[in-house]
1. Loop-only GluC sites (Glu not before Pro) in the range 16-92, please: DSSP not H, G, I, E or B, and at most 15 other Cβ atoms within 10 Å.
2. What is the gain in length, in nm to one decimal, between Val119 and Ala93 on full extension, counting 0.36 nm per residue of separation less the C-alpha to C-alpha distance?
3. Calculate the spin-label point distance for Leu15 paired with Arg68, positioning each point 7 Å from the Cα along the beta-carbon direction, and give it in nanometres.
4. Within a Cβ distance under 11 Å of Ala82, other residues only, what is the Lys/Arg minus Asp/Glu net charge?
5. Quick one: 3J(HN,Hα) in Hz for the range 36-41, Karplus 6.51/-1.76/1.60 with θ = phi - 60°, rounded, Gly and Pro as x.
6. For the pair Val38/Arg5, report the inter-label distance in nm, with labels modelled 7 Å from Cα in the Cβ direction.
7. Gap in Å between the Cα centre of the range 69-113 and the Cα centre of the range 7-40?
Amino acid sequence: MSEPRGRLARTAAALAETWRRLHFEQRVAAVAATLVIVSTLGPFSFVEAAEILAAGAVLVLLQMRAERREFHLPLGDGTAIAGAGIWCAVLIATRMFDRPPGQTALALVCALLLAAAGVRERAKREPDDLPDPAVEPTVVLPADAPPRSDG
C-alpha cells in the first residue's frame with residue numbers, strides 16, 4: 001500500500017522541480033498546453049487527437065528543457081511553441097460548430113495563449129537552444145594540476 005503513495009510523492013516532487021526550473025513564459029505555455037488538452041473533452045475525432053499531440057509535444061519539450069537535456073530545434077523553442085498554439089487554434093476553428101460555443105471559446109483562448117507564450121519565449125531568448133549562462137556547470141581543476149600555458 002505504501003508503494004503507490006511513494007511513487008505518487010516522487011512524481012509530485014519531480015513535477016514541482018520541473019515547474020521550479022521553468023521560466024515565466026515556459027510556465028504560461030505549460031498551463032496553456034494543459035488547458036488545450038483538457039478542452040478536448042466531449043465529441044472526439046482526429047482533430048482533437050491532433051490538438052492533444054501538439055499540446056503534449058509542448059509539454060514534453062518543456063520537461064526536457066527543465067531537465068537541461070540538449071537538443072536542437074531549427075528555429076528555437078519559442079517558434080515551436082507558437083507554431084503549436086497557432087496549429088491548435090486552426091484545429092479548434094475547424095471544429096467550431098461541432099462543440100458548444102463556450103467550450104470552443106475557451107479552447108480558442110487557450111490555444112492563442114499558448115501561441116502568445118511562444119512568441120514571448122522567442123522574443124526573450126535567442127533560438128540557439130543554449131542553456132542560460134547562470135546555470136552552466138563550471139569546471140574545477142584539482143589543486144595539484146599543473147598550470148595551463150596558452151602558448
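No lab work stands behind these numbers, since they all come straight from the coordinates. Because the structure is a prediction, the values reported are computed rather than measured. Note that we place each Cβ from the backbone using ideal geometry, even for glycine, and neighbour counts take in every protein chain shown.
1. Qualifying residues, ordered by number: Glu67, Glu70.
2. Numbers: separation 26, 0.36 × 26 = 9.36 nm, distance 2.04 nm.
Extra length available between Val119 and Ala93 comes to 7.3 nm.
3. Going from the Arg68 label point to the Leu15 one covers 2.4 nm.
4. Values: positive: Arg120, Arg122; negative: Glu25, Asp77, Glu121.
Result for the local shell: -1.
5. With the stated coefficients, the range 36-41 comes to 5, 5, 5, 6, 7, 5 Hz.
6. 2.7
7. The two parts, judged by their Cα centres, are 17 Å apart.
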